[in-house]
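Chemist: Dropping the structure in here first, questions after.
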Ligand SMILES: Nc1ncnc2c1ncn2[C@@H]1O[C@H](COP(=O)(O)OP(=O)(O)O)[C@@H](O)[C@H]1O
Ligand SMILES: [Mg+2]
C-alpha cells in the first residue's frame, strides 16, 4: 500500500520544507498548528487548534496514512493514541526520550556514546552539590522544552548558583560540565522500517547565544564521521527508529561528545536541499512512507546561513552564483528564525569566499 498522505503536527518552517519536498514524490501533507499564521499554511492544508487537542489530532490521523511532527515538544501521551488509528513515525517513545535531556543522556550512556558529566538538579542544594562535584564552569539547563539556547545558563562562579536557580529552577533541571569544544558538529541520518539507514556528511555548526548562525558541510574529518555514524546507528537501532534523526556533538580533545538529539529534520541539515542528491526533508518522507531512501551524496561544498530577526537584502544575495534562498514567510522579531540561504560551490575555497561575503551582509538580531 502506498502511504501518500502525511499528517504533520506543527507547521513551522520544518513542516513547510517537508511538505514542499513531498510534492514531487506525489506525497500530500496536511498540518495541525495553533494558527493560520505559520510557515506551513502557505503550502498545504492546515487544521487550526492546540497541538495536543485529541479531537484535532484524531481528525489529522484519520485523513493521513502516516503522522509525523516538526516539533519535538508535543507530549508523547497526546500522540500515542494516534498509533491505534494510523502510523506514527517516529514513534511516541522516540519522541518522549528526546524531550528530556536527562533521559537522552542516559540513553547515550547506555549505548556507550560519550556525554558531558552531568547531574539532575531539583533544588538549590542539588545545584550547589553538582557544582561541587562536577566543578565550574557548567551549564544549567531545563530538562525539557529548551531550544535555540532558551532555558539555559552558563555558571562560572559558585555565587551565581542562587541567581541561576531563581531564574530556571521551578522545574527539573540538569547541570552539565562546560565543554571546551574546538567545534560543534552534527550528524543527520535516516532509517527506514526495514532497518536500512543512510547518513549525511558531517556539518560544522557555528552558534552564538545558543542559536545556530551558520553551518558548513561536508565537514571533512573521516575518523570523526565514522565514529559519529556508529553512534547514530546505535541510537537508530535501539529506538527502532523510522525517519530522520540528528545528533549534535561537541569535539573535545579530538573526540566526540554527544550533546543532544532531535527526532526530526534539523536546522544543520538544511544545506542538504541544494547540497545533496536527496534532502533531509525528502529522506524523512521517504522513510516514513516506506519508500527507498535516497542518496545522501554531497553535490559540492556547502554553507547554510540562518536569517535571524531580520530578513536580508534578497536581491543582493540572489546575485551570488550557486545560492538558494528560503523565506519562511514569518514576521520579523528579534532572535526568530525567518529563513536561510545555502551556497554550494565546486571548491571549498570558493564556498568559503562566498560565505565570508554573505556573513558581512547579514545582520542577526
Ligand atoms: N555543556 C556545554 N558546554 C559548552 N557549551 C554548551 C554546553 N551545552 C550547550 N552549549 C552551547 O549552547 C548551545 C545550545 O545548547 P543545546 O544543549 O544544544 O540546547 P538547544 O536545545 O537550545 O539547542 C550549544 O550548541 C552550545 O553552543
Ligand atoms: Mg542544540
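Chemist: I need to check one value: relative contact order of the chain, counting alpha carbon pairs closer than 8 Å and at least 6 residues apart, in percent.
Modeler: 14
Chemist: Springs between alpha-carbon atoms under 10 Å, Gaussian network over the chain: tell me which of 61, 119, 303 tops the mean-square fluctuations.
Modeler: Largest GNM mean-square fluctuation: 119.
Chemist: With each run of n ≥ 4 DSSP H residues scored as -39500 (n - 2.57), what mean residue ellipticity at 222 nm is computed for the chain after dividing by its residue count and rounding to the nearest 500 deg cm²/dmol?
Modeler: For the chain, the value works out to -8500 deg cm²/dmol.
Chemist: Would you work out if the range 175-331 is rounded, prolate or oblate? Take a ≥ b ≥ c from the square roots of the eigenvalues of the alpha-carbon gyration tensor; rounded if a/c is under 1.5, else prolate when a/b is larger than b/c, oblate otherwise.
Modeler: Verdict is oblate for the range 175-331.
Chemist: Taking the Cβ of each residue in 343, 273 as the centre, tally the other Cβ atoms inside 10 Å and list the residues starting with the fewest.
Modeler: Lowest count first: 273, 343.
Chemist: May I pose another question? Would you kindly state how much longer the chain becomes between residue 365 and residue 147 on full extension, computed as 0.36 nm times their sequence separation minus their alpha carbon distance, in nm to one decimal?
Modeler: So the extension gain works out to 76.8 nm.
Chemist: Please work out the FRET efficiency for the pair residue 28 and residue 352, using the Cβ-Cβ distance as r and a Förster radius of 35 Å; give the result to the nearest 0.05.
Modeler: 0.30
Chemist: What is the chain by shape, rounded, prolate or oblate, if you read a ≥ b ≥ c off the alpha carbon gyration tensor as root eigenvalues and call it rounded for a/c under 1.5, prolate for a/b larger than b/c, and oblate otherwise?
Modeler: Rounded, since a/c falls under 1.5.
Chemist: At a Förster radius of 25 Å, what calculated FRET efficiency corresponds to the Cβ-Cβ distance of residue 2 and residue 295, to the nearest 0.05?
Modeler: Efficiency computed from Cβ-Cβ geometry: 0.70.
Chemist: Antiparallel versus total DSSP beta bridges in the chain: what percent is that, nearest 5?
Modeler: Roughly 80 percent of the beta bridges in the chain run antiparallel, per DSSP.
Chemist: Hey, how many Å between the Cα centroid of the range 303-365 and the Cα centroid of the range 151-191?
Modeler: 28
Chemist: Once you sort the root eigenvalues of the Cα gyration tensor of the range 1-93 as a ≥ b ≥ c, which label holds: rounded (a/c under 1.5), prolate (a/b larger than b/c) or oblate (the other case)?
Modeler: Since a/c reaches 1.5 but b/c is at least a/b, the shape of the range 1-93 is classed as oblate.
Chemist: Cut-off 10 angstrom, C-alpha nodes, Gaussian network model of the chain. Which of 256, 124, 187 fluctuates the most?
Modeler: In the Gaussian network model the winner is 124.
Chemist: Taking the Cβ of each residue in 361, 271, 165, 71 as the centre, tally the other Cβ atoms inside 10 Å and list the residues starting with the fewest.
Modeler: 361, 71, 165, 271
Chemist: Taking the Cα centre of each part, how many Å lie between the range 1-76 and the range 251-294?
Modeler: Cα centroid to Cα centroid, the span is 19 Å.
Chemist: Ranking request for peptides 353-360, 239-246: highest mean number of other beta-carbon atoms within 10 Å first, then the rest in descending order.
Modeler: Packing proxy ranking, top to bottom: 239-246, 353-360.
Chemist: Along Cα→Cβ, 7 Å out, is where each label goes; now give me the distance between the ones at residue 207 and residue 171 in nm to one decimal.
Modeler: With each label placed 7 Å out from Cα toward Cβ, I get 1.7 nm.
Chemist: Let me ask something else about it. Treat each spin label as a single point 7 Å out from the Cα along the C-beta direction, and report the residue 182 to residue 277 distance in nm.
Modeler: 3.2
Each reported figure results from applying straightforward, stated rules to the coordinates on display, with no laboratory input. Just so we're clear, the structure is a prediction, and the values are computed from it rather than from any experiment. Note that we place each Cβ from the backbone using ideal geometry, even for glycine, and neighbour counts take in every protein chain shown.
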